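Colleague: The structure's right below; bear with me while I get my questions together.
The values are calculated or read from the model by the stated rules, or taken from the named source; none is laboratory data. Just so you know, these numbers come straight off a predicted model, no measurement behind them. Cβ coordinates were reconstructed from backbone atoms using ideal geometry, including for glycine residues, and neighbour counts include every protein chain displayed. Each accessible area value is taken on the protein alone, full model and side chains, heavy atoms only, with ligands, DNA and RNA left out. Shrake-Rupley method; radii C 1.70, N 1.55, O 1.52, S 1.80 Å.
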Amino acid sequence: MAAYDILRSNKTSIEETLGSKYRLILNKAYLKDLITSREYKKLESINKLDAEDHVVELVDSILDKGEGNCQLFLDLLQTDEAIQETYPELKNILEYYTPTHLYSTTPQHTSTVLHPNTPLQYYTPTYLYSTTPQHTSTVLHPNIPLQYYTPTHLYSTTPQHTSTVLHPNTPRQYYTPTYLYSTTPQHTSTVLHPNIPLQYYTPTYLYSTTPQHTSTVLHPNIPLQYYTPTHLYSTTPQHTSTVLHPNTPLQYYSPTHLYSTTPQHTSTVLHPNIPLQYYTPTYLYSTTPQHTSTLLHPNIPLHSYTPTYLYSTTPQHTSTVLHPNIPLHSYTPTYLYSTTPQHTSTVLHPNIPLQYYTPTYLYSTTPQHTSTLLHPNIPLQYYTPTYLYSTTPQHTSTLLHPNIPLQYYTPTYLYSTTPQHTSTLLHPNIPLQYYTPTYLYTPTPQHTSTVLHPNIPLQYYTPTYLYTPTPQHTSTLLHPNIPLQYYTPTYLYTPTPQHTSTVLHPNIPLQYYTPTYLYTPTPQHTSTVLHPNIPLQYYTPTYLYTPTPQHTSTVLHPNIPLQYYTPTYLYTPTPQHTSTLLHPNIPLQHYTPTYLYSTTPQHTSTGDQYELKSQPTGLCLIINNETFPGDGKKIPENVRRGTDKDAGRLGQVFSWLGFRVLMCKDQTKVQMERALECFASQCDLSQLQEFKVKVKEWTGSGWTDLREAPRHGDAFICCVLSHGSKGVVLGVDRQPLPIKQIKRTFMATPHSPLTAKPKVFLIQACQGGQVHPKVVLKGLQADGSRSTRPTDYSHSKFIPQEADFLVHCSTIEDYFSLRHPTEGSWFIQSVCKQLEERCDGKEEIEVILRRVNKEVARKDSVLRCDLKCGPSCGARCGPTTQMPAIWHTLRKRLVLTPRN
């Protein structure tokens, strides 16, 4: 990581540490020429009560001077003995970025003993620079998650939870804690049957070698539940008669038969192609064939046979004279029992459909429509009826030309042996329509010059040429890759090459060459140093004629697009953007420019940051409760003035950060619950109609009606602006909604669209009725309700379902949260300001929100109650300040970046 980035990301911690004795660091910086004399005098003369502000000015000045000064300042902090002795806390802040390492090829956070299955956060800071294994005990079991091991075991070679007698098919939870350290088998009896689930075994058996439910006579095709308990311990077959028929379902057998060797439903004369239901009950126990006449025809369905026939050896519907090409229904019933042919005349023509024959003919051996003179290429309809019975040729002249369609012949010719349109001089590549009628009867060649070029269309030849042996447009120098239209007419008759320079580059289109070049052997646009992966347009005109490489530096990184390189670099062998420490799974844009020239790893921890790639980044839901109606008697109406200012600022900032911002205004407790439940699932807004919840959308200048149904992205933000009390926020009906309930609504489930995604909750509401005394200012209100008592909610246990949450409350419990009637609340305005200033620098949200805590904590004011002050007010009004509180279960770094 660059020194500038290190200094900026740790700026707050460094400023707080150096503020204790700021004059030492000021003098040291001046002696090292990190600041000028004028800057030194200015910083020394600043008269401020807070000494830390001097250091803030100093650090900001060094950051403004760029990377070089930042690196010198870090070197000073880490190498100067007086500074290390005065500010020992600096060692903990900067131990991740030692000056030596920033210029070293030794990986940082990449100790070779890191365990591949252990997340980076499990390692201590010291270990990341060490070759001593941590969390990498060689006895870790590969199938046991890391959390099952005790901290002590992670440094030990003594097995823990890795007993060698663990059964591979027994889930871990079946083992007792004691057993996990034991070599005595538990639940691993060697007589466990591989096909019987574990729950079928009794606890006693799991430690026994006596078989249980493992009788060797169990039938492999009979489910376990068919066996009686007694049989499971017996070697006597049950339901396993050896005469069971393999194709008969078990339910067809009687209980008695299952213990018998006498066949049931297994007659050896069962026909393999007849379903069981066709057999009578009597037959299933008989050896006399039923429905198995040997005369059954393989192509006749069973139902076509009469019941009598199924027991008979007399053929039915199986006449041996059935014609294989005649459907069965074409035969008369009488014929099916006859050996006399029907519709099976042996003179049927194979190419003539059956319907063309007369009924009489189908029983005759006299040919019909089968003249041996039928021409194979002439459709049947061209023949006259008379001809079909004749041996005299019709339309079958032996002189028909195979490439001339029939319609080109005259009727007379079809009966003639005199050639028509069959000149032997017809050129095979010239269509017939190019020949004159006269030519078709003459042996004189027409359009058949032997010098026709095979690749030149006929229309390019002059009429005269078609009758001449003199070549036209057939120069042997024509280039095979140059279209004909590129040649001049003169060239087509000349042996002098035109547009056929041998130095044409095979990958350069012809139009890139100048006319002069096409006649020259001097290469043009064919420099041998052209880079194969760089398009031609990237080269300058001068370069195309030179052997000096351009844009072909050998240090170009194969995974970095060309546009990432500076023009100067493209001519140099010095690597740019090719640090060997670039992580293959981290996009290039995540690296700082300085790092791309460095061998020091930056951001190479795998999976340590939430990915925010969706468009939009996600949804930002604002619940803005402004008006709390009164009852017209004891409870007056209450208006949270300034809350619309907060909502507008949140809309501006989070839309700038790529979120789609939605708002629900003035919600009761029940409406808030329903809105949160809706957005915790699939955002089906129809479920809100029953509760009259209206959703508005931020469009850049204000709130408008919703444009389209919202969809979740890679993150979710929820901002609640309301009155509140200890652990709760209030609906406009003054009913309390616990903050823990809000969070639990969004807990991870297998079907939640927000599972494993960051969820941030910003709560602007009072958490009690006390103030911190401070200097008096006017014009502030508190986000509390004097009429609502604090409700006690017990703490819920944190479970994995509650991962990926961040809750930032505007104040700690028991205290007011302050809001200005026109300028908005301290908390929300500070959040928006810090996000705008810090998100461009890719700071993670926890760091930014800590800055919010610091900024709000520095504010002070006075809270005036709406009633006349008196002794009854107690701690409810007077000088006050405010301390926000952060709670989170984030598993990774959350970095929000602008999308505009």
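Conditions tested, residue by residue: (1) closer than 26 Å to residue 248 by Cβ; (2) open to solvent by 30 Å² or more (accessible area, probe 1.4 Å); (3) at pLDDT 70 or above.
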residue	(1), (2), (3)
167	no, yes, no
172	no, yes, no
181	no, yes, yes
189	no, no, yes
194	no, yes, yes
207	no, yes, yes
217	yes, yes, yes
220	yes, yes, yes
231	yes, no, yes
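Colleague: Residues in region 360-371: is at least one of a type in the set (A, V, I, L, M, F, W, C) and either open to solvent by 40 Å² or more (accessible area, probe 1.4 Å) or assigned to a loop (DSSP other than H, G, I, E, B) (or both)?
Modeller: For region 360-371, residues of a type in the set (A, V, I, L, M, F, W, C) and either open to solvent by 40 Å² or more (accessible area, probe 1.4 Å) or assigned to a loop (DSSP other than H, G, I, E, B) (or both): absent.
Colleague: Continuing with this model, one more query. Within region 233-258, can you find the residues that are surrounded by 14 or more Cβ atoms within 10 Å (Cβ to Cβ) and under 18 Å from residue 286 (Cα atoms)?
Modeller: Passing the criteria: 244, 245, 248, 252, 253, 257.
Colleague: What about residue 855, is it surrounded by 15 or more Cβ atoms within 10 Å (Cβ to Cβ) and either modelled with pLDDT of 90 or more or in a helix (DSSP H, G or I) (or both)?
Modeller: Yes.
Colleague: Could you check how many residues of region 207-238 are over 52 Å from the mean Cα position of the chain (by Cα) and of a type outside the set (Val, Ile, Thr)?
Modeller: The qualifying residues number 5.
Colleague: Related question: Does residue 375 satisfy the condition of being under 30 Å from residue 338 (Cβ atoms) and assigned to a loop (DSSP other than H, G, I, E, B)?
Modeller: no
Colleague: I've got another one for you. For residues that are among the small types (Gly, Ala, Ser) and not in a strand (DSSP E or B), tally how many sit in region 823-839.
Modeller: 1
Colleague: Is it the case, given these coordinates, that residue 250 is modelled with pLDDT under 70 and either of a type in the set (Gly, Ala, Ser) or within 30 Å of residue 303 (Cα to Cα) (or both)?
Modeller: Yes.
Colleague: Right, another one. State whether one or more residues within region 262-276 are farther than 30 Å from residue 311 by Cβ and not hydroxyl-bearing (Ser, Thr, Tyr).
Modeller: no
Colleague: Restricting to region 671-707, name every residue that is assigned to a helix (DSSP H, G or I) and open to solvent by 60 Å² or more (accessible area, probe 1.4 Å).
Modeller: 674, 677, 686, 687, 689, 690
Colleague: With respect to the numbered conditions (1) open to solvent by 40 Å² or more (accessible area, probe 1.4 Å); (2) outside any loop (DSSP other than H, G, I, E, B), which one is the sole condition not fulfilled by residue 261?
Modeller: (2)
Colleague: While we're on this one: Among residues belonging to region 277-292 that are among the β-branched types (Val, Ile, Thr) and more than 12 Å from residue 263 (Cα to Cα), point out the one that is surrounded by the most Cβ atoms within 10 Å (Cβ to Cβ).
Modeller: So, considering only residues that are among the β-branched types (Val, Ile, Thr) and more than 12 Å from residue 263 (Cα to Cα), the one surrounded by the most Cβ atoms within 10 Å (Cβ to Cβ) is 292.
Colleague: May I ask you to list pairs of residues, at least six apart or on different chains, whose Cβ atoms are under 8 Å apart, with the first in region 712-728 being touching a residue at least 40 places away in the same chain (Cβ under 8 Å) and open to solvent by 10 Å² or more (accessible area, probe 1.4 Å) and the second being assigned to a loop (DSSP other than H, G, I, E, B) and among the small types (Gly, Ala, Ser)?
Modeller: 714/614; 726/768
Colleague: All but one of (1) outside any helix (DSSP H, G or I); (2) at pLDDT 75 or above; (3) not β-branched (Val, Ile, Thr) hold for residue 351; state the number of the condition that does not hold.
Modeller: Looking at each condition in turn, residue 351 falls short on (2).
Colleague: I would also like to ask the following. Out of the residues in region 606-656 meeting the condition of being among the small types (Gly, Ala, Ser) and part of a loop (DSSP other than H, G, I, E, B), tell me which one is most open to solvent (accessible area, probe 1.4 Å).
Modeller: Among those residues, the one meeting the criterion is 632.
Colleague: Filter region 43-57 down to the residues that are touching an Asp or Glu at 6+ places or on another chain (Cβ under 7 Å) and either modelled with pLDDT of 70 or more or among the basic types (Lys, Arg) (or both) and list them by number.
Modeller: Scanning region 43-57 gives 43, 55, 56.
Colleague: Now, a different point. Considering region 293-317 alone, what residues qualify as being in a loop (DSSP other than H, G, I, E, B), surrounded by fewer than 18 Cβ atoms within 10 Å (Cβ to Cβ) and more than 60 Å from the chain's Cα centre (by Cα)?
Modeller: Correct list: 294, 295, 306, 307, 308, 312, 313, 314, 315.
Colleague: Starting from region 322-341, keep only residues that are in a loop (DSSP other than H, G, I, E, B), then list their pairs with residues that are among the small types (Gly, Ala, Ser) and modelled with pLDDT of 75 or more whose Cβ atoms are within a distance under 7 Å, requiring at least 6 positions of separation or different chains.
Modeller: What qualifies is 338/319; 339/319.
Colleague: Run residue 266 past the list (1) open to solvent by 90 Å² or more (accessible area, probe 1.4 Å); (2) among the polar types (S, T, N, Q); (3) under 57 Å from the mean Cα position of the chain (by Cα) and report the number of the one that doesn't hold.
Modeller: Only one criterion is unmet by residue 266, namely (1).
Colleague: Do you know which residues across region 516-528 are in a loop (DSSP other than H, G, I, E, B) and modelled with pLDDT of 70 or more?
Modeller: Listed by number, the residues that qualify are 516, 520, 521, 522, 527, 528.
Colleague: Name the one entry in 351, 247 that is within 30 Å of residue 365 (Cβ to Cβ) and not aromatic (Phe, Trp, Tyr).
Modeller: Only one candidate qualifies: 351.
Colleague: Name the pairs whose Cβ atoms lie under 8 Å apart, with the first residue in region 630-644 and in contact (Cβ under 8 Å) with a residue 24 or more places away in the chain, the second part of a loop (DSSP other than H, G, I, E, B) and open to solvent by 90 Å² or more (accessible area, probe 1.4 Å), and 6 or more positions between them or separate chains?
Modeller: Sorted first by the residue in region 630-644, then by its partner, the pairs are 641/822; 642/822; 642/823.
Colleague: Hey, any hits in region 72-85 for a residue that's in contact with a Phe, Trp or Tyr (Cβ under 6 Å, 6 or more places away or on another chain) and in a helix (DSSP H, G or I)?
Modeller: no
Colleague: Let me ask you something else. Do the conditions hold for residue 667, that is, is it assigned to a loop (DSSP other than H, G, I, E, B) and out of contact with any His (no Cβ under 9 Å at 6 or more places or on another chain)?
Modeller: yes
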